[in-house]
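The values are calculated or read from the model by the stated rules, or taken from the named source; none is laboratory data. What you see is a predicted model; the values in this text were computed from it and never measured. In this analysis, Cβ positions are derived from the backbone assuming ideal geometry, glycine residues included, and neighbour counts consider all displayed protein chains.
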Amino acid sequence: MRHVLQSPRFINPFWYNQMKGTLAQGVAVSTRSVEVLGETLQLDKEETIELVPGERVHVALSRDIVFQTEQEKQTEEQERKERLFMEQLRQKEADRTRKVQADAFNAALGLPFGWVPGQKDVISGLREGSWGDGTFKNTVIHVLLQEDLHDGKLHRKAGMFLCSSSWKDNGKNWSGQPEVVVRDSNGELYRPAVTCKQCLKRAERWGHAK
């Protein structure tokens with residue numbers, strides 16, 4: 001909660017510059033006034049709070065001159081820490097769920113050859129705003145073969161993607177990291193679920209893709 005102080009008719013420019021962009025400590029000098037950096041300011045007439053003379057307050061200059069009592073500031077900080085803690089718990093639980101779902105999805109593909117999730121990166125993936133490994137948040141995850149595959153008319157060499165019919169379709173590999181391993185907020189490494197529609201379509205030939 002923030003309380004409004006009345007602006008004096010004349011604001012000392014030096015005081016204004018000291019206040020701008022900072023949170024200044026002040027003290028209640030009466031039930032309706034606050035002293036901060038040598039200026040005594042009255043509570044706005046709409047404010048109903050009764051201050052305790054001598055109690056510490058924290059004053060900021062925004063559109064108005066506002067303040068919090070020490071108790072209000074401590075309560076707000078505690079609530080912020082609790083919200084952050086709960087958000088971290090939710091994120092950790094969401095990451096655990098995502099890892100379990102990814103492991104189950106990839107296992108359910110039932111592919112009869114060695115493979116790992118992989119990425120086709122592009123040079124733009126190495127620019128500012130990327131993960132730094134050639135990927136973005138929305139990077140498509142492919143089936144990256146770890147051994148040669150020969151199944152009817154389907155032929156792939158180790159190191160190729162299931163959806164790539166030739167090496168030229170295999171991405172630029174600017175990062176040198178076609179295999180994808182993700183570290184979640186729990187610090188655990190896991191392989192993300194395959195999302196490439198073409199890889200999943202080709203995986204249907206083995207009758208396990210969903």
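Figures for the structure shown
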read-out	value
Test: residue in the stretch 5-23 that is in contact (Cβ under 8 Å) with a residue 60 or more places away in the chain, in contact with a strand residue (DSSP E or B) (Cβ under 8 Å, 6 or more places away or on another chain), surrounded by 13 or more Cβ atoms within 10 Å (Cβ to Cβ) and not in a helix (DSSP H, G or I)	yes
Test: F136 is surrounded by 10 or more Cβ atoms within 10 Å (Cβ to Cβ), modelled with pLDDT under 90 and aromatic (F, W, Y)	yes
Count of residues meeting criterion [in contact with a strand residue (DSSP E or B) (Cβ under 8 Å, 6 or more places away or on another chain) and free of Cβ contacts under 8 Å to residues at least 40 places away in the same chain] in the stretch 29-50	10
Qualifying position, being assigned to a helix (DSSP H, G or I) and either within 28 Å of D95 (Cα to Cα) or at pLDDT below 90 (or both), among A193, A203, A209	A203
Residue in the stretch 143-155 that is modelled with the highest pLDDT, counting only those that are more than 17 Å from G110 (Cβ to Cβ) and under 41 Å from the mean Cα position of the chain (by Cα)	D148
Every residue from the stretch 69-100 that is surrounded by 12 or more Cβ atoms within 10 Å (Cβ to Cβ) and among the basic types (K, R)	K73, K92, R96, R98, K99
Subset of the stretch 67-86 [of a type in the set (S, T, N, Q) and in a helix (DSSP H, G or I)]	Q71, Q74, T75, Q78
Subset of the stretch 28-57 (residues that are assigned to a strand (DSSP E or B) and either under 38 Å from the mean Cα position of the chain (by Cα) or among the polar types (S, T, N, Q) (or both))	S30, S33, V36, T40, Q42, R56, V57
Search result, residues across the stretch 16-33 that are modelled with pLDDT of 95 or more and of a type in the set (K, R)	R32
Residue within the stretch 115-123 that is modelled with pLDDT of 90 or more, farther than 16 Å from P192 by Cβ, assigned by TED's automatic domain parsing to the domain that holds C199 and part of a strand (DSSP E or B) present	no
Qualifying residue in the stretch 58-68 (condition: surrounded by 14 or more Cβ atoms within 10 Å (Cβ to Cβ), under 35 Å from the mean Cα position of the chain (by Cα) and within 30 Å of G152 (Cα to Cα))	no
